[in-house]
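Each remark here refers to the structure printed beneath this line.
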Amino acid sequence: MHSNHLLLEEPIRMASILEPSKASFFPTMTKIVGTLGPNSRSVQVISACLTAGMSVARFDFSWGSPDYHQETLENLKIAVKSTKKLCAVMLDTAGPEVLVVNRSEKSISLQEDGFVILTPNQELEASSELLPINYDGLSKVVKKGDTLFLGQYLFTGSETTSVWLEVSEVKGDDVVCVVKNSATLVGTMYTLHAAEIHIDLPTLTEKDKEIIATWGVKNKIDFLSLSHARHAEDVRQARQFLSKLGDLNQTQIFAKIESVEGLTNFDEILQEADGIILARGNLGLDLPPEKVFLFQKTALYRCNMAGKPAVLTRVVDSMTNNLRPTRAEATDVANAVLDGSDAILLGAETLRGLYPVETVSTVSRICAESEKVFNQDLYFKKAVKHIGEPMSHLESIASSAVRAAIKVKASVIICFTSSGRAARLIAKYRPTMPVISVVVPRLKTDQLRWSLSGAFEARQSLIIRGLFPVLADPQHLADSNNATNESVLKAALDHGKSAGIIKAHDRVVVCQKVGDASVVKIIELED
């Protein structure tokens, strides 16, 4: 009977489950995005995270100063050099966040069945009876019975540091709420999430723009995580803003879906964005619990078929304080891989968690095991069927390269690319072997100066499942002659051999341009 799910059809021997996993040059094909912060900003910890499998570093600007994040980034650069592991940089915007302001910094205790007033008057002092917020429009958009969530680490699932409120009545600009669970709020800022309620604030705030135009430009960020993306227009406006900031016109925009509004407009947002982040923390508050899995599977499938990377959040929350994930979390990570995730994003687990390195390592191992039973054959057929006929030239080449690699049991696919598009298309078909993307620099000019492209394209591969970039020697520019292509291929094969990815008698599938034609060829290595 033909399988209709993404697990291998061959039955798995129970005894084989206990066999130790074989070591691999790449810890996992699925990528890991780590959020750097208080417990993960030293050179030593970042180096260990890179070695364990982290390939994208996320800088969350909903907290911390630009100087603080800059110090962390400088440590990341040192770690990259010492480990020789490439790492991309993602800037995560704060977005239209509604915050409770606690200037006194005293902890605030809220008791179940008590009442608390949310007021836009930020001059008042925060207390267990009154909480000032930075948004004066809340009273205009909520009504009796609406649900609000409040806390510093709002979505960890801990009921002692976050509180669930129900709107009791609206009095002028103030909102009176019933406290549904006892909690203690600590710190200077708490986030407020209004379930299924539109907050009339811009998705890219003025503060976000300032951070991007200064910190982002200075550090040539690879990815912009656009928090609270609600419409395709949000992505278009962000792209228009980036296009005016020099090198950032190459920065990829990942739309963060974290509300029912973003879910409703998902298809249009996917079309505009370079990738999607499924922020299950916030989204899990907007959606009924029984609907979260359905959104996850549907959204990941659409991202896969569109050939755009999908990143999943909130998988091992318990590892923020514990050395091991729960059984449910371990299964959740595996299902994320089987559902088609390109990357797993770790937030609090690495930001302030007690075990950032162990978390990256554990998630990496679970992903690697899941990839072994991913039904690539079924996935390939679905992807080809979705594209339909006639295929575009590049799509045909990419699918042919993957099919050939699987048929001959190639150890790797090597793809030569300057824009990165050909390599991304190959990775879209989820080959069982790694795709080494040899990014060939391209000389470009703005009429004032000459520059080489390639670094952005190489680092942006680091969020795509199964794609591993290598930046070619600038001496071998794109559009060079055939002899140059062969010398670059030899250099790529030598690199693979020295790294232990390729060995004698392995078969390698190569996808490259020869003149105006794209060619797929199979090479069998000699001793």
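The values are calculated or read from the model by the stated rules, or taken from the named source; none is laboratory data. Owing to the predicted nature of the structure, the values given are computational and were not obtained by experimental measurement. With ideal geometry, Cβ positions are generated from the backbone for all residues, glycine too; neighbour counts draw on all protein chains shown. Only protein heavy atoms, including side chains, enter the accessible area calculation; ligands, DNA and RNA are left aside. Shrake-Rupley method; radii C 1.70, N 1.55, O 1.52, S 1.80 Å.
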DSSP beta bridges in the chain: the antiparallel percent, rounded to 5, is 45 percent
Quick one: helix 482-499 against the long Cα principal axis of the chain, what's the angle to the nearest 10°, folded into 0 to 90? 60 degrees
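What is the antiparallel percent of DSSP beta bridges lying wholly in the stretch 170-321, to the nearest 5?
15 percent
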For the chain, with only Lys/Arg (+1) and Asp/Glu (-1) charged at the beta-carbon, what is the dipole magnitude about the Cα centre, in debye rounded to 20? 1980 debye
Can you find, among 433, 328, 283, the residue sitting farthest towards the positive end of the charge dipole of the chain, where Lys and Arg contribute +1 and Asp and Glu -1 at Cβ? 433
Treating the angle as unsigned and between 0 and 90°, give the value, to the nearest 10°, between the Cα long axis of helix 356-372 and the longest Cα principal axis of the chain. 50 degrees
Work out, step by step, the length gained on full extension between residue 377 and residue 80: first 0.36 nm times the residue separation, then minus their alpha carbon distance; give nm to one decimal. 103.3 nm
With respect to the cross-link table entries 308/503; 31/256; 84/308, which display a Cα-Cα separation exceeding 20 Å? 308/503; 84/308
Can you give the accessible area per residue of the chain, in Å², using a 1.4 Å probe? 46 Å²
When only Cα pairs under 8 Å and 6 or more residues apart are kept, what is the percent relative contact order across the stretch 100-194? 38 percent
Report the full-extension gain for the segment residue 240 to residue 301: residue separation times 0.36 nm, less the Cα-Cα distance, to one decimal in nm. 19.2 nm
Working from Cα positions, state the angle (0 to 90°, nearest 10) between the long axis of helix 327-339 and the longest principal axis of the chain. 50 degrees
The chain - percent of accessible surface contributed by carbon and sulfur, probe 1.4 Å: 54 percent
With residue 41 itself left out, Lys, Arg at +1 and Asp, Glu at -1 over residues whose Cβ is under 11 Å from its Cβ give -1
